[in-house]
1. Compute the separation of the alpha-carbon centres of the range 216-262 and the range 107-153 and state it in Å as a whole number.
2. Given Cβ point charges of +1 (Lys, Arg) and -1 (Asp, Glu) and nothing else, what value in debye, to the nearest 20, does the dipole of the range 128-285 about its Cα centre take?
3. Under a 1.4 angstrom probe, counting protein chains only, how are 211, 72, 245, 192 ranked by accessible area, largest first?
4. What FRET efficiency, computed as 1/(1 + (r/R0)^6) with R0 = 35 Å and r the Cβ-Cβ distance, is obtained for residue 207 and residue 7, rounded to the nearest 0.05?
5. Would you mind calculating the relative contact order of the range 115-167 from Cα pairs under 8 angstrom and at least 6 residues apart, reporting the percent as a whole number?
6. Given Cα pairs under 8 Å that are at least 6 residues apart, what percent is the relative contact order of the chain?
7. Could you state the principal axis extents of the C-alpha atoms in the range 84-214, from the largest down, to the nearest angstrom?
8. Listed here are the pairs 126/187; 147/233; 191/241; 82/137; 43/126; 59/82; which of them are more than 26 Å apart at the Cα?
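The values are calculated or read from the model by the stated rules, or taken from the named source; none is laboratory data. All of these numbers come straight from a predicted model, not from anything done at the bench. A quick note on method: Cβ atoms are made from the backbone with ideal geometry, for glycine too, and the neighbour counts reach across all protein chains shown. For accessibility, only protein heavy atoms count, side chains too; no ligands or nucleic acids. Shrake-Rupley method; radii C 1.70, N 1.55, O 1.52, S 1.80 Å.
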Amino acid sequence: MINEIQFQNELQLLIFNAIREDVGTGDYSSLACIPADAQGKAKLLVKEDGIIGGVAFAKMIFNYVDPSLKVETFIEDGTPVKYGDVVFHVSGSSQSILKSERVVLNSMQRMSAIATKTNQYVQLLKGTNTKILDTRKTTPNFRVAEKWAVKIGGGENHRFALYDMVMLKDNHIDFAGGITLAIAKTKAYLKENKLDLKIIVEARSLDEIREILQSDGVFRILIDNFNYEDTKKAVALIGDKCQTESSGNINEKTIREYALCGVDYISSGALTHSVYNMDLSLKAL
């Protein structure tokens with residue numbers, strides 16, 4: 001995962017582009033009927049049970065639009081909420097509140113949905129040693145917020161993008177001429193270019209796991225689309241030689257059984273690509 005400085009830079013880029021996209025040359029609805037010096041106050045109202053996410057991000061958005069806006073927080077990120085809860089009040093320029101409203105709501109609704117789904121998976125994994133990971137199956141230009149939401153929900157982040165970890169999947173292996181060649185070429189490339197990146201290799205069978213284990217320098221093996229019994233065999237084969245990760249159509253009904261196979265991690269694209277936004281609204285007071 002990227003470092004904190006990169007993470008914050010990505011958040012600022014997201015906010016800049018979201019406001020640019022939504023406001024453009026001006027919020028003419030507000031400019032036309034609300035005086036520039038008008039002051040107002042609004043509340044963030046919860047209309048659906050779940051885990052709230054994006055409170056800190058909303059503060060960043062408000063601050064970007066207008067640093068004079070004041071936010072009074074009642075419920076922090078990662079907290080269970082129910083219908084009727086008020087998460088925060090925002091006060092200051094009425095025009096600025098309205099300019100921020102849609103970007104704040106769009107962001108928080110999606111982040112809360114992701115945090116809620118992630119927390120459901122975390123609860124299902126309780127009592128095991130397995131942790132839940134996100135993937136790169138995210139919304140274009142919103143990845144940094146979605147991965148933040150996974151953390152808010154109690155999950156962990158996988159690589160951020162293609163540049164912060166090497167992941168040799170089926171197509172890389174096939175195009176490279178096989179597992180052993182793919183690993184050898186990768187290690188040589190990283191050394192030549194002075195890159196310190198972890199290597200994950202996907203396995204499609206127990207025989208591929210045996211082949212991966214013949215090469216040094218593999219950080220984690222991705223046990224992809226295995227059934228329970230073969231996953232247990234794979235974990236036994238790998239032992240403590242490297243980390244293990246299960247993936248492939250794992251859902252609420254199967255996640256605990258895969259965890260009980262002994263894998264270190266389970267990755268799920270569903271955390272970010274299969275959620276419905278939590279219902280939130282920003283109402284004037």
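1. Computed from Cα coordinates, the inter-centre distance equals 20 Å.
2. Numbers: 22 positive and 22 negative charges, 90 e Å.
The calculation lands at about 440 debye.
3. On the way: 211 70, 72 95, 245 0, 192 145 Å².
Per-residue accessible area, sorted high to low, gives 192, 72, 211, 245.
4. Values: r = 39 Å, r/R0 = 1.11.
Approximately 0.35, to the nearest 0.05.
5. On the way: 52 pairs, mean separation 23.2, N = 53.
After rounding, I find 44 percent.
6. On the way: 516 pairs, mean separation 65.0, N = 285.
Relative contact order of the chain: 23 percent.
7. Projected onto its principal axes, the Cα set of the range 84-214 covers 62, 39, 22 Å.
8. Values: 126/187 36 Å; 147/233 31 Å; 191/241 22 Å; 82/137 28 Å; 43/126 35 Å; 59/82 21 Å.
Too far apart for the 26 Å limit: 126/187; 147/233; 82/137; 43/126.
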